[in-house]
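Only one structure is covered here, and it is reproduced in the block below.
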Amino acid sequence: MKKIAILFNPSSRRGKSGKAREKIERNLNNSNINYDLYVSKSEEHLKQLTVEAAGKYPAIVGVGGDTTLNIMVRKLLKSGCPVPALGMIGTGSANDIVRGLGIHKIREACAAIKKGSIIEMDVGCIKIDRKSKAYFFLGSLSIGLSTAVN
């Protein structure tokens with residue numbers, strides 16, 4: 001297995017994600033996954049790391065919540081750079097993306113990474129008018145009641 005990039009967002013889940021770093025690294029190492037770990041300092045830094053990693057690694061794994069992966073996907077699609085295989089280790093509040101894939105634990109995510117499991121996922125794009133920028137999103141987009149409730 002070639003070396004992959006792990007982009008860790010410690011601020012996910014209101015900063016609680018950072019506490020999972022040791023457990024994640026232990027699971028990655030126990031799974032014999034060859035990786036470089038990058039810790040983001042901000043949303044802009046995560047975007048920068050994503051584009052830099054896309055040019056160097058065959059796969060990028062985001063560690064954080066659904067927003068972390070969405071930020072990475074949006075940046076890749078907007079930048080026009082090649083999109084490598086993407087993965088996620090869910091340490092966020094909802095983790096809808098990984099739960100939808102049947103991955104509930106860090107150990108399960110590391111096993112899927114080691115195996116090289118690939119699942120295609122829908123990416124949507126919404127554009128209000130000709131002048132507005134395209135907005136990319138994974139899976140589904142909430143613009144009604146759930147947005148008002150959240």
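General remarks:
- Matching residues, segment 1-23, being modelled with pLDDT of 95 or more and among the aliphatic types (A, V, I, L, M): ILE4, ALA5, ILE6, LEU7
- Of all residues in segment 51-70 being in a helix (DSSP H, G or I), open to solvent by 20 Å² or more (accessible area, probe 1.4 Å) and not charged (D, E, K, R), the one that is nearest to ILE118 (Cα to Cα): ASN70
- Top-ranked residue in segment 88-106 [being of a type outside the set (Gly, Ala, Ser) and assigned to a helix (DSSP H, G or I); ranked as most open to solvent (accessible area, probe 1.4 Å)]: ARG99
- Within the set LYS114, LYS131, the sole residue that is in a loop (DSSP other than H, G, I, E, B) and either touching a residue at least 12 places away in the same chain (Cβ under 8 Å) or exposed (fewer than 14 other Cβ atoms within 10 Å of the Cβ) (or both) turns out to be LYS131.
- Residue tally, condition at positive phi and touching a residue at least 60 places away in the same chain (Cβ under 8 Å), over segment 56-84: 0
The rows are residues; the columns are (1) without any contact (Cβ under 8 Å) to a residue 12 or more places away in the chain; (2) open to solvent by less than 20 Å² (accessible area, probe 1.4 Å); (3) under 17 Å from PHE136 (Cα atoms).
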residue	(1), (2), (3)
LYS3	no, no, no
LEU7	no, yes, no
GLY18	yes, no, no
ASN27	no, no, no
ASN32	no, no, no
TYR35	no, no, no
GLU43	no, no, yes
LEU86	no, no, yes
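The values are calculated or read from the model by the stated rules, or taken from the named source; none is laboratory data. Note that the coordinates shown come from a computational prediction; the quantities given were computed from them, not determined experimentally. For neighbour counting, all protein chains shown are included, and Cβ atoms are generated from backbone atoms with ideal geometry for every residue, glycine included. Heavy atoms of the whole protein, side chains included, go into the accessibility calculation; ligands, DNA and RNA do not. Shrake-Rupley method; radii C 1.70, N 1.55, O 1.52, S 1.80 Å.
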